[in-house]
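A.B. asks: The structure is given below, and queries will be raised subsequently.
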Amino acid sequence: MNGNIQNALLVRRIKNGENELTKELIIKNYERVYKYLHYKTGDEHLAYDLTQETFLHLLTGIGNYYEKAHFNAYLMRIAHNVLIDYWKLRKEASSIEDIEFLLQMNTFEDAVSDKDVLRRALMKLPAEQREAVLLKFVAGLKSREIAEITNTNVSTVKSRIHLGKEKLKIILKEEGIV
């Protein structure tokens, strides 16, 4: 059964009073949210705090979730908004601590061993492309889910991912990595 469907069923049951299932919902989705927030902040402790806040927002507003929405996109939208709120409060720019997901991309597999170079390369991407690449490869979201989160259309998301990957290749070539 699809993860979105499983999550939607868990949410329905929680909304119907089976509050003991909240733990299962959190455990099932925790790692993906944490990884996304860790990549965006570069700080494991901050990512932990923001992940906790994301799930707090989810659980306190669970009545706002409607089953026609994709749960993964709904949850990542909450994480995205928590992060934006954090940055607005702190007026800090994002940094990226670990770029392991790029090593999993076929284009870069076995080609890049210097994560600092990858971090610098990612930071050279326009914010929209960096966001799309992170949501795709860190959070594992589909293009339509990323479109929901970023309030754009699917073709724009696909373009941002493609252009981001192409620019990363160019940057890495300039660094003599690829």
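A.B. asks: I'd like to check something: does the stretch 122-137 contain any residue that is over 16 Å from Arg32 (Cα atoms), among the small types (Gly, Ala, Ser), surrounded by fewer than 21 Cβ atoms within 10 Å (Cβ to Cβ) and at pLDDT 80 or above? Working first, answer last.
C.D. replies: Kept after step one, since they are over 16 Å from Arg32 (Cα atoms), are these residues of the stretch 122-137: 122-130.
Now restrict to residues that are among the small types (Gly, Ala, Ser): 127.
Narrowing further to those that are surrounded by fewer than 21 Cβ atoms within 10 Å (Cβ to Cβ): 127.
Narrowing the set further to residues that are at pLDDT 80 or above leaves 127.
Yes: the stretch 122-137 contains one or more residues that are over 16 Å from Arg32 (Cα atoms), among the small types (Gly, Ala, Ser), surrounded by fewer than 21 Cβ atoms within 10 Å (Cβ to Cβ) and at pLDDT 80 or above.
A.B. asks: Report, by residue number, each residue of the stretch 5-14 that is under 16 Å from Tyr74 (Cα atoms) and surrounded by fewer than 18 Cβ atoms within 10 Å (Cβ to Cβ).
C.D. replies: Of everything in the stretch 5-14, those that are under 16 Å from Tyr74 (Cα atoms) and surrounded by fewer than 18 Cβ atoms within 10 Å (Cβ to Cβ) turn out to be Ile5, Gln6, Leu9, Arg12.
A.B. asks: Working only within the stretch 22-53, note down all residues that are closer than 17 Å to Asn4 by Cβ and crowded, with 19+ Cβ neighbours inside 10 Å. Step through it out loud before you land on a result.
C.D. replies: Filtering the stretch 22-53 for residues closer than 17 Å to Asn4 by Cβ gives 24-33, 36.
The answer is Leu25, Asn29, Arg32, Val33, Tyr36.
A.B. asks: If you don't mind, there's one more thing I want to ask. So for the stretch 3-21 (the condition being part of a loop (DSSP other than H, G, I, E, B) and either at pLDDT 90 or above or among the small types (Gly, Ala, Ser) (or both)), does at least one residue qualify? Before you say what the answer is, go through the steps one by one.
C.D. replies: Filtering the stretch 3-21 down to residues part of a loop (DSSP other than H, G, I, E, B) leaves 16-18.
Those left that are additionally either at pLDDT 90 or above or among the small types (Gly, Ala, Ser) (or both): 17.
Checked the stretch 3-21: at least one residue is part of a loop (DSSP other than H, G, I, E, B) and either at pLDDT 90 or above or among the small types (Gly, Ala, Ser) (or both).
A.B. asks: When you check Leu56 against the structure, is it in contact with a Lys or Arg (Cβ under 9 Å, 6 or more places away or on another chain), assigned to a helix (DSSP H, G or I) and free of Cβ contacts under 8 Å to residues at least 40 places away in the same chain, yes or no?
C.D. replies: Details: in contact with a Lys or Arg (Cβ under 9 Å, 6 or more places away or on another chain): no; assigned to a helix (DSSP H, G or I): yes; free of Cβ contacts under 8 Å to residues at least 40 places away in the same chain: yes.
Spelling it out, it is not the case that Leu56 is in contact with a Lys or Arg (Cβ under 9 Å, 6 or more places away or on another chain), assigned to a helix (DSSP H, G or I) and free of Cβ contacts under 8 Å to residues at least 40 places away in the same chain.
A.B. asks: Here's another thing I want to ask about it. What are the pairs with Cβ atoms under 9 angstrom where one residue, in the stretch 76-99, is of a type in the set (Val, Ile, Thr) and at pLDDT below 70 and the other, located anywhere, is buried (at least 20 other Cβ atoms within 10 Å of the Cβ) and assigned to a loop (DSSP other than H, G, I, E, B)? Sequence gap at least six, or different chains.
C.D. replies: Sorted first by the residue in the stretch 76-99, then by its partner, the pairs are Ile99/Val112.
The values are calculated or read from the model by the stated rules, or taken from the named source; none is laboratory data. Please read these numbers as outputs of a predicted model, since none were measured by experiment. We place every Cβ from the backbone using ideal geometry, glycine too, and count neighbours over all the protein chains shown.
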